[in-house]
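For reference, the structure discussed in these notes is given below.
Bear in mind these aren't lab numbers, they're just calculated from the coordinates by the rules spelled out. Computed from a predicted model, the values in this text were never measured in an experiment. For neighbour counting, all protein chains shown are included, and Cβ atoms are generated from backbone atoms with ideal geometry for every residue, glycine included.
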Amino acid sequence: MNILLLGSGGREHALAWKIAASPLVTKLWCAPGNAGMAREAECVALNVADHAAVIEFCKRCAVDLVVVGPETPLAAGIVDDLAAAGIKAFGPSKKAAQLEGSKGFTKDLCNEFNIPTGTYRRFDNAKDALAYVRAQGAPIVVKADGLAAGKGVVVAKTLPEAEAAIAMMFDGAFGAAGAEVVIEEYLTGREISFFALCDGGTAIPLATAQDHKRAFDHDEGPNTGGMGAYSPTPFVTAEVHDQIMTRIVLPTVAGMKNRGTPFKGVLYAGVMLTAQGPKLFEYNVRFGDPECQVLMLRMMSDIVPALLAACDGQLKNFDLRWYPEPALTVVMAAKGYPGDYIKGTRIDGLDDAATIEGVEIFHAGTILKDGAILANGGRVLNVCAMGRTVTEAKERAYQAVDRIKWPEGFCRRDIAWQAVETELGR
Ligand code: AMP
Ligand code: GLY
């Protein structure tokens, strides 16, 4: 088979690594890709936003399957456009991608199908939104309805913070994405990521993970796309797993089918494990980044038949095998991220770091220039490791981090602290 993978982050490097390992694959292209992905596949300089150009490439190169990594092309309807051109693509349709593209859409779906989530209201003007938060009090969560590159959520600890967030969003900080705002109950508990593969009619669970959204150790600093993750998380017990599938994931898949917008692809549930049980706080319609990196390391089965079964509505009797060992990833980012940072700094020591047992390094924002790997983004590398325990995986990953020579980069030092504390019985 010929496969085209769209995207250029750490998530896509991990997907490329896993797809390239499939005996079913004859040729793999990545668009636009990065320096690490160039080791697994041929990178092509396609503009992913130009659907006609993607279709033309697929026809010219006899691409059998397109795998879409990030949410932006999904929300722009690339899967619909490819399907209309007779090209199979893994990922949800534009309408189904609203589960990520509109927070209000998802909250209304939860309401309609009795899916546990925080109480909420949708607003299209600041005046009513302000009156609502003043009546509710803080802490409270203010969310831009649309896609805002991971920045559209303000967890307001105080009323003035909530008021400022409302003003900022209705002032156009996120453009059209903030023209509508969802105000949501603040949920407390452990936050986990739950992934399921969906084929429009059914869903099979992938694996669980925990992400680390804040930039600095002890979960401090600004929110980021994710600074590290591990899988599986001990906090999703068999009972909690069953509750998430039966109360959240399966009703969502059934609800979407019922509404005539069946969901195909990866459903990523952001779940808070509250005292009242698991509650959904958001959906994403793609793999998490960096959670995908640890999922791909742990997936024993060939991924390609699973992607095809999801596209073809054939997941009902499908089975995926996983390595039981945990995997962990540490994100190395350019200093300044998630704010301003510089590009073009040189990274050395990657080959040496990769020789440590159980270690795999996935690239995110990198380019190859004159034989050197240069930083080319905010999140730049994913230093991953497997181990018999999370603690061992963590030790290995940080050993590798310490061999990477990149003075302009930084990382958190406490990835998986919650699981490590649990393992060490603290
Ligand atoms: P997002 O940018 O949508 O990934 O959300 C950023 C973060 O906001 C999440 O990872 C959660 O930690 C937090 N968050 C979102 N919704 C809620 C909520 N209802 N209660 C508490 N925290 C939330
Ligand atoms: N890891 C968070 C995300 O992919 O949105």
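Just one of the numbered conditions (1) assigned to a helix (DSSP H, G or I); (2) crowded, with 24+ Cβ neighbours inside 10 Å; (3) not hydrophobic (A, V, I, L, M, F, W, C) is not true of Arg247: (2). Checking each residue in segment 260-312 for being closer than 26 Å to Leu24 by Cα and of a type in the set (Lys, Arg) picks out Lys264, Arg286, Arg298.
With the requirement that a residue be of a type outside the set (A, V, I, L, M, F, W, C) and either touching an Asp or Glu at 6+ places or on another chain (Cβ under 7 Å) or not in a helix (DSSP H, G or I) (or both), what does segment 107-142 give you? Explain how you work it out, then say what you get.
Pass one, segment 107-142, residues of a type outside the set (A, V, I, L, M, F, W, C): 107-108, 111-112, 114, 116-122, 124-125, 127-128, 132, 134, 136-137, 139.
Asn114, Pro116, Thr117, Gly118, Thr119, Tyr120, Arg121, Arg122, Asp124, Asn125, Gly137, Pro139, listed by residue number.
Among the residues of segment 409-425, at least one is in contact (Cβ under 8 Å) with a residue 24 or more places away in the chain and on the phi > 0 side of the Ramachandran plot.
With segment 168-223 as the region, which strands (runs of 3 or more DSSP E) entirely inside it contain at least 3 residues that are within 18 Å of the chain's Cα centre (by Cα) and within 16 Å of ligand 2 (Cβ to nearest atom)? Spell out the reasoning first.
Numbers: elements: 181-185, 190-199, 203-211, 214-216, 220-223.
Here the list reads 190-199, 203-211.
Screening Ala83 against (1) farther than 24 Å from Pro251 by Cα; (2) in a loop (DSSP other than H, G, I, E, B) leaves a single unmet condition, (2). What do you reckon, is Ala38 among the small types (Gly, Ala, Ser), more than 19 Å from the chain's Cα centre (by Cα) and part of a helix (DSSP H, G or I)? So Ala38 fits the description; yes.
With the structure loaded, tell me whether Pro32 is in contact with a Lys or Arg (Cβ under 8 Å, 6 or more places away or on another chain), under 24 Å from Phe362 (Cα atoms), touching a residue at least 24 places away in the same chain (Cβ under 8 Å) and surrounded by fewer than 22 Cβ atoms within 10 Å (Cβ to Cβ) or whether it fails that test.
Details: in contact with a Lys or Arg (Cβ under 8 Å, 6 or more places away or on another chain): no; under 24 Å from Phe362 (Cα atoms): yes; touching a residue at least 24 places away in the same chain (Cβ under 8 Å): yes; surrounded by fewer than 22 Cβ atoms within 10 Å (Cβ to Cβ): yes.
Judged against the criteria, Pro32 is not a match.
If the condition is being part of a helix (DSSP H, G or I) and surrounded by 23 or more Cβ atoms within 10 Å (Cβ to Cβ), then segment 254-294 contributes Met256, Glu291, Cys292, Gln293, Val294.
Please find, within segment 295-336, the residue that is nearest to Leu5 (Cα to Cα) out of those that are of a type in the set (Ser, Thr, Tyr) and part of a loop (DSSP other than H, G, I, E, B). Reasoning before the result, please.
We begin by selecting, within segment 295-336, every residue of a type in the set (Ser, Thr, Tyr); these are 301, 323, 329.
Those still in the list that are part of a loop (DSSP other than H, G, I, E, B) too: 301, 323.
Details: Ser301: 19, Tyr323: 24 Å.
The qualifying residue nearest to Leu5 (Cα to Cα) is Ser301.
Can you name the strands (runs of 3 or more DSSP E) wholly within segment 337-426 that have at least 2 residues being under 21 Å from the mean Cα position of the chain (by Cα) and not small (Gly, Ala, Ser)?
Details: elements: 359-363, 366-369, 372-375, 379-386.
Output list reads 359-363, 379-386.
Looking only at residues in segment 209-235 that are away from ligand 1 (no atom under 14 Å from the Cβ) and surrounded by fewer than 24 Cβ atoms within 10 Å (Cβ to Cβ), which one is farthest from Val420 (Cα to Cα)? Only one residue fits best here, namely Phe216.
Among the residues of segment 224-270, write down those that are small (Gly, Ala, Ser), at negative phi and within 15 Å of the chain's Cα centre (by Cα). Selection gives Gly225, Ala229, Ser231, Ala269, Gly270.
Could you tell me how many of the residues in segment 274-309 are within 12 Å of ligand 1 (Cβ to nearest atom), farther than 13 Å from Asp211 by Cβ and under 19 Å from the mean Cα position of the chain (by Cα)? Lay out the reasoning, then the answer.
Step one: list which residues in segment 274-309 are within 12 Å of ligand 1 (Cβ to nearest atom), which gives 274, 279-284, 288-289, 291.
If we keep only those that are farther than 13 Å from Asp211 by Cβ too, we end up with 274, 279-280, 283.
If we keep only those that are under 19 Å from the mean Cα position of the chain (by Cα) as well, we get 279-280, 283.
The qualifying residues number 3.
Sub-6 Å Cβ pairs linking a first residue in segment 132-149 that is closer than 30 Å to Lys94 by Cβ to a second residue that is of a type in the set (A, V, I, L, M, F, W, C) and near ligand 1 (Cβ under 9 Å from one of its atoms), at least 6 apart or interchain, are Val141/Val155; Val142/Val154; Lys143/Val153, ordered by first then second residue. Comparison of Ser22, Ser93 shows that the only residue that is over 19 Å from the mean Cα position of the chain (by Cα), of a type in the set (S, T, N, Q), within 25 Å of Pro305 (Cβ to Cβ) and not in a helix (DSSP H, G or I) is Ser22. Flag set for Thr233, criterion: touching a residue at least 40 places away in the same chain (Cβ under 8 Å) and in contact with a helix residue (DSSP H, G or I) (Cβ under 7 Å, 6 or more places away or on another chain).
Taking residues in segment 269-296 that are farther than 16 Å from Val383 by Cβ, and partners anywhere that are near ligand 2 (Cβ under 10 Å from one of its atoms) and basic (Lys, Arg), the pairs with Cβ atoms closer than 6 Å and at least 6 places apart or on different chains are Phe287/Arg11.
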